[in-house]
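The values are calculated or read from the model by the stated rules, or taken from the named source; none is laboratory data. Quick caveat, the model's predicted, so the values are computed rather than measured. A quick note on method: Cβ atoms are made from the backbone with ideal geometry, for glycine too, and the neighbour counts reach across all protein chains shown. Ligands, DNA and RNA are stripped out before the accessible areas are found, and what is left, the full protein with its side chains, is counted by its heavy atoms. Shrake-Rupley method; radii C 1.70, N 1.55, O 1.52, S 1.80 Å.
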Amino acid sequence: MRKNILLLLLSINLFISCKDESNKKNNDQETESVDKTSKNFTITLNATVLKDDSFQVFYKSKDESVYDDKNSQFTEFKGSNLPQDIVFELPEGVIPDNIRLDFGTNKDQADIKINSFKISFYGNTFEAKGSDFFNYMNVDLNTAKVDKIKGIINPETVNGVYDPQAVSEGPLYEQIQKIIK
């Protein structure tokens, strides 16, 4: 009789544990879906960047003539020989017409391999893969060399200044307009 009671208690405990784990998985999945439909405009650059660095994104409307530090943000990351997402989540309510990406502050940075570039807003996304990045972003050739076929940006120091950057082109503005509607 004691064995039966013990088996019954173990069975109940196992059932409750499994149910709790199932609820935890469901809650985790709900959290993931909420993250994918963020209210904030998000820019994700997937790149292979070998050395530790900090990239910066500037954003502005068509009415603004210059990119201003007050409308920018940095994302720091560790270098890796593996591709990684470098994510910029803009403040709530900010929808840029134009953006500028600054490819780091590390003057010893090696070639940067662009794997993809994605913008998203409320679950709507646009993504440019590999060399298509250069159809939407114009790299300043005074600050870096570019191999568009391989999707490589080679940052350079020019006259003692290190500021590799790319600015958005008209086609990116069109894609932004599509995802915000």
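On the accessible surface of the range 117-181, probed at 1.4 Å, how many percent belong to carbon and sulfur atoms? Working shown, then result.
Values: 1590 of 3550 Å².
Carbon-and-sulfur percentage of accessible area, whole number: 45.
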Query raised in the report: Using a 1.4 Å probe, how large is the accessible area of Leu141, given in Å² and rounded to the nearest 10?
Result: 120
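From Cα pairs below 8 angstrom and at least 6 apart in sequence, can you work out the relative contact order of the range 59-170, rounded to a whole percent? Before the final figure, lay out each step's value.
On the way: 158 pairs, mean separation 29.0, N = 112.
Value for the range 59-170: 26 percent.
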Requested in this report: Give the residue from Thr157, Asn71, Phe133 lying farthest towards the positive end of the charge dipole for the range 37-181; charges sit on Cβ (+1 for Lys and Arg, -1 for Asp and Glu) and the dipole is referred to the Cα centre.
Outcome: Phe133
Query raised in the report: Counting only heavy atoms of protein chains, what accessible area per residue, in Å², does the range 55-181 have with a probe of 1.4 Å?
Result: 54
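What is the gain in length, in nm to one decimal, between Ile180 and Gln73 on full extension, counting 0.36 nm per residue of separation less the C-alpha to C-alpha distance? Let's see the in-between values first.
Details: separation 107, 0.36 × 107 = 38.52 nm, distance 2.09 nm.
In short, 36.4 nm is gained.
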Requested in this report: Counting only C-alpha contacts under 8 Å and six or more residues apart, can you give the relative contact order of the range 64-130 as a whole percent?
Outcome: 19
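Work out how much length Asp147 to Tyr122 would gain on full extension: take 0.36 nm times their residue separation and subtract the Cα-Cα distance, in nm to one decimal. All intermediate terms of the calculation are to be shown ahead of the outcome.
Working: separation 25, 0.36 × 25 = 9.00 nm, distance 3.31 nm.
Result for the pair: 5.7 nm of gain on full extension.
So which GluC sites (Glu not before Pro) in the range 72-181 are both in a DSSP loop and have at most 10 other Cβ atoms within 10 Å of their Cβ?
On the way: sites: Glu76, Glu89, Glu92, Glu127, Glu156, Glu169, Glu174; in loops: Glu92, Glu156, Glu169.
Passing both the DSSP loop test and the Cβ count: Glu92.
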Query raised in the report: Quick one: which of Lys60/Lys118; Lys129/Lys178; Lys118/Lys150; Lys60/Lys178; Lys39/Lys113 span more than 20 angstrom between C-alpha atoms?
Result: Lys39/Lys113
Report summary line: Within the range 39-146, DSSP-loop chymotrypsin sites (Phe, Trp or Tyr not before Pro) with at most 16 other C-beta atoms within 10 Å are Tyr122
